[in-house]
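The values are calculated or read from the model by the stated rules, or taken from the named source; none is laboratory data. In this text the structure is predicted, and so the values were computed from the model without any measurement. Positions of Cβ are backbone-derived with ideal geometry, glycine not excepted, and every protein chain shown enters the neighbour counts. These accessible areas exclude ligands, DNA and RNA; they are computed on the full protein's heavy atoms, side chains included. Shrake-Rupley method; radii C 1.70, N 1.55, O 1.52, S 1.80 Å.
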Amino acid sequence: MLKGFGAKLKALFGMNTFDEGYFENLEDFLIEGDLGAKLATQISDEVRKLAKSEKPKTQKDLQILVKRLLSDKIRIFDPGLEEGSLTVYLILGVNGVGKTTSIAKLAQYYKNQGKQVLLAAADTFRAAAIDQLEVHAQRLGCRIVKQKSGSDPGSVVFDAITSAQARGEDLILVDTAGRMHNKENLLRELSKIDKIVKGRGIEDVHYKKFLVIDSTTGQNGISQAELFNQAVKLDALILTKYDSLAKGGALVQIGEKQNIPIAFVGTGETYKDIHPFDKDEFLDTLVGLTD
Amino acid sequence: MFDSISDKFSGIMRTFAGKSKITEKNIQDAVEEIKVALLDADVNLRVVRRFINGTMEEALGEKVLKAVDPGQQFVKIVYDRMVALLGDEENQKLLLKGPDTTTVILMMGLQGSGKTTTSAKLAARLKREGRRPLLVAADLVRPAAILQLQVLGESVGVPVFTLEGEKDPSKVAKAALSQARKDQRDILIVDTSGRMHLDQTLMDEIQKVRDAIKPDETLFVADSMTGQNAVAIAQEFEQKVGISGVILSKFDSDTRGGAALSLRSVVGKPIKFIGVGEKMDDIEPFYPERIASRILGMGDIVSLVEKA
Ligand SMILES: Nc1nc2c(ncn2[C@@H]2O[C@H](COP(=O)(O)OP(=O)(O)OP(=O)(O)O)[C@@H](O)[C@H]2O)c(=O)[nH]1
Ligand SMILES: Nc1nc2c(ncn2[C@@H]2O[C@H](COP(=O)(O)OP(=O)(O)OP(=O)(O)O)[C@@H](O)[C@H]2O)c(=O)[nH]1
Ligand SMILES: [Mg+2]
Ligand SMILES: [Mg+2]
C-alpha cells in the first residue's frame, strides 16, 4: 500500500524546512493520485513559488495550499431536482464503470426525497442487462420500462417518457449500454437518444446527461470525458468505485480541461453507497489531509 | 492522444540528430521526456523510475554514443527493454492439462473488470481448440450475474453450471468440479463476483473458492484503462490469492495501456490475453511488441528504428 502523504510529510517535516525533496515528494504523491504528470508538476511548481511568499509553517499549511490550487479546477453539480416537471437523467459511460448500479442507487436516493422514479432499460445490448436493472427495480419498488433484448434503445426512451408524462412521475433514470468513447457508431446512437428526449418536449433544465467514471481509471478518463462531451454535451460526472481508495485525480484534469462539474460519488455496491459530491472531502483525500 | 507522444519521440530523435557528440545532458532530457510519456500512458510511477534507471545505464553506454544515429539507437533501447519486460510469448499459453483430466481456471478481479465476458470468450476459444469446457456461475452477488453468464454460454455453445439457491461460491465451484469430472469436461472456468482488493470479507471468500477447487490457472482480469492504482490492486490479489496470469480487458478503448507494464513488472506473471471488444471472439493473445509500441505511442517510429 501507498504510504499516506501525511506520513511522508511528517518524515520530511522533521527537517523543519520545505526543501527540494519535499516538493518532489509532493509531485509524486499527486501523480500517484492519477493527476497526470503535467498537472502534478505544474502544481508542485506553483506551490514551490507560493511557499516562498506565504511561508507556510506546518505541513498542514502546505497541504492546504495545494488544496487551494486544485480547488479552482473542480466544480460541484447540484443534484436537487427542478420541481414541476418530468426530469430525465441519461446515464452514460464506457463498459463496466457502474452505470446500472449507480442508477439503482440514484433511484433510492431520489425516492428517499419522495420522488417518483422510473427506470428505463435502454441498455438492450449487453447480455442480461435488462434483467439486471429489473432486479434492482423489484428490490427498490420502482417502475421500469423495458422492451426485449436487442430492441432500439431510442424506442425504450420514447416509451418511458411517454408513460412517465402520462402518470406524472418525477424522474426517469435511463440506463444505457456501456460503449467505448472511441467508437463513433456507438456515440452516434447516443445522439439519437438525445434527439428523442428533446423531441418529447423535455427542456434542458429537466434533462441532464451524466458520465460515469470509474475512480480506478487513469489518464484515459480524460479522453472519455472529452469524446462523450463532444457527442452529447455532458452536464455532470459521477465517480464510482471510490471505495477502491483510488483518488480519482483524473477528475481534476477533466475539470480543468472540460469544466464538467461532479455530481455524485459511489462508494460500494449497496444502495446507500452514493453521496452528493463533497468537494472538500475529495480534495482533502487527494492532498492527503485525511490520513 | 497518440500524436503528442509520437511528437515527443520525434523530438528526442531531433535533439540527437546532427549532434557530433551526445552529452549526458542530452540523454537526461530525453529520459525526462520518456518518463512523462510513460506516466501519460498510466505506467505506475515506481515502475517508471525503475525502468528509466535501467534505461539510463544502457543508454549512457558506448552503443548510443558511438551509434551512427544516436537518437534512433536510444529509442530502440527503450523499446527493446520494454518488449523484454512485457514478456516472452512462450509463457503466455494457458497451463492446460491433458484432455483426460479437468483443468481448473479461476477468474477474479475488481468489479466490472470484465470477468464474466472474458470467461465466456475463453470458453469459446478453448472449445474451438477442441476442448470441452464447462462454465461455472459462482458470482452469487451481482443482480442477474448468473443469467448473464448463461446467455453468453449459450451464445458460444458452452454449458453453464449453476446451483440454485446456494449462497457460498466455494460450494458452487466444488460441485461444478465434480460435475465436470463426471461429464468428462476437460476445462472448468469459474466466474466469480467482482471484489475490491481491500475488502477483507470478499478476499477471504475467494481464498475459500481457491482452496475448494485448487485451480491450475488463477487469472486476474484487469481493465486496461486502470491508472496508477493497478499495482496496489494486483499486489493484494497476488498476496491473498495468488495470480498465475493476467488478462487485460477493454484494449479496444484508446487507452495506451501502461497498466500492462505496471502489472507485468510488479506481479511478474505473464499477461496471457487481451480483450478487444464485447463480442465473443474479441480476445487476442498478448503481443509484447504491439503493446510496447502502444505504450510508447510510436507505431510509426518502430519501423523507423528497425532500420537503425
Ligand atoms: N465497490 C464498488 N463496486 C461498484 C460501484 N459501482 C458499481 N460497482 C460494481 O461494479 C460492477 C459493474 O457495475 P454495473 O453497474 O453493472 O456497470 P455498468 O457501467 O452498468 O456496466 P455495463 O452496463 O456492462 O457497461 C458491478 O459489480 C457493481 O456492483 C462502487 O461504487 N463501488
Ligand atoms: N469494449 C469492451 N468491453 C468489454 C471487454 N470485456 C468486457 N467488456 C464489457 O465490460 C462490461 C463489464 O464486463 P463484465 O464481464 O460484466 O465484467 P465483470 O468483471 O464480470 O463484472 P462484475 O461481475 O460486475 O464484477 C460489459 O459491458 C462487457 O461487455 C472488452 O475487451 N472490450
Ligand atoms: Mg449496465
Ligand atoms: Mg461478472
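Listed peptides A:166-173, A:73-80, B:217-224 appear in the order B:217-224, A:166-173, A:73-80 once ranked by packing, highest mean of other Cβ atoms within 10 Å at the front.
Straight-line cross-link partners of A:Lys52 among the lysines, defined as a Cα under 24 Å from its Cα and at least 8 positions apart when in the same chain: A:Lys8, A:Lys10, A:Lys38, A:Lys60, A:Lys67, A:Lys73.
Taking all protein chains as shown and a probe of 1.4 angstrom, A:Asp243 keeps an accessible surface of around 60 Å². Which links in A:Lys209/A:Lys279; B:Lys127/B:Lys182; A:Lys49/A:Lys247 stretch past 22 Å when you go from one Cα to the other? Long pairs (Cα-Cα over 22 Å): A:Lys49/A:Lys247. Put simply, the convex hull of the Cα atoms in the stretch A:202-252 casts, on average, a shadow of 3.8 nm². Comparing B:Ala59, B:Val136, B:Val104 along the charge dipole axis of the stretch B:46-136, the residue lying farthest to the positive side is B:Val136, per the Cβ-charge model. Only the Cβ atoms of Lys and Arg (+1) and of Asp and Glu (-1) were treated as charged; on that basis the dipole of the protein assembly as shown about its Cα centre amounts to roughly 440 debye. Quick one: helix A:59-71 against the long Cα principal axis of chain A, what's the angle to the nearest 10°, folded into 0 to 90? Helix A:59-71 sits roughly 40 degrees off the main axis of chain A. Taking B:Lys279 as the anchor, which aspartates and glutamates have their alpha carbon closer than 15 Å to its alpha carbon, excluding any fewer than eight residues away along the same chain? Result set, ordered by chain and number: B:Glu154, B:Asp252. Over 31 Å apart: what share of the alpha carbon pairs of chain B falls there, rounded to a whole percent? Taking all Cα-Cα pairs of chain B, the fraction more than 31 Å apart is 36 percent. From the P(r) of the stretch A:167-291, can you give the percent of Cα pairs sitting at distances over 22 Å? In whole percent, the long-distance tail amounts to 40. The share of C-alpha pairs in the stretch B:26-99 whose separation exceeds 16 Å stands at 55 percent. Both the radius of gyration and Dmax for chain A are 21.0, 69 Å, in that order, over alpha-carbon atoms.
Exceedance of the 20 Å cut-off in Cα-Cα distance is limited, within the set A:Lys241/B:Lys174; A:Lys146/B:Lys250; B:Lys35/B:Lys240; A:Lys233/A:Lys272; A:Lys115/A:Lys208; B:Lys97/B:Lys272, to A:Lys241/B:Lys174; A:Lys146/B:Lys250; B:Lys35/B:Lys240; A:Lys233/A:Lys272. Here, the stretch B:80-203 is characterised by an Rg to Rh ratio of 1.01, where Rg is the alpha-carbon radius of gyration and Rh the Kirkwood radius.
Applying the Kirkwood pairwise sum to the alpha-carbon positions of the protein assembly as shown produces a hydrodynamic radius of 25.4 angstrom. The value of relative contact order for the stretch A:13-164, using C-alpha pairs under 8 Å at least six residues apart, is 14 percent. Over the stretch A:38-100, the pair-distance histogram of Cα-Cα distances with 10 Å bins from zero comes to 16, 29, 20, 20, 14, 2 percent, rounded to whole numbers. Computed with a 1.4 angstrom probe on protein heavy atoms, the A-B interface buries about 3200 square angstrom of accessible area in total. Remark: the A:His275-A:Asn185 segment gains 29.1 nm on full extension, using 0.36 nm per residue and subtracting the alpha carbon distance. Ligands, DNA and RNA aside, A:Lys192 has an accessible area near 130 Å² when probed at 1.4 Å. Contact order, relative form, for chain B: 25 percent (alpha carbon pairs under 8 Å, 6 or more residues apart, mean separation divided by residue count). Alpha-carbon geometry of the stretch B:211-256: the Rg and the Dmax are 12.2, 39 Å, given in that order.
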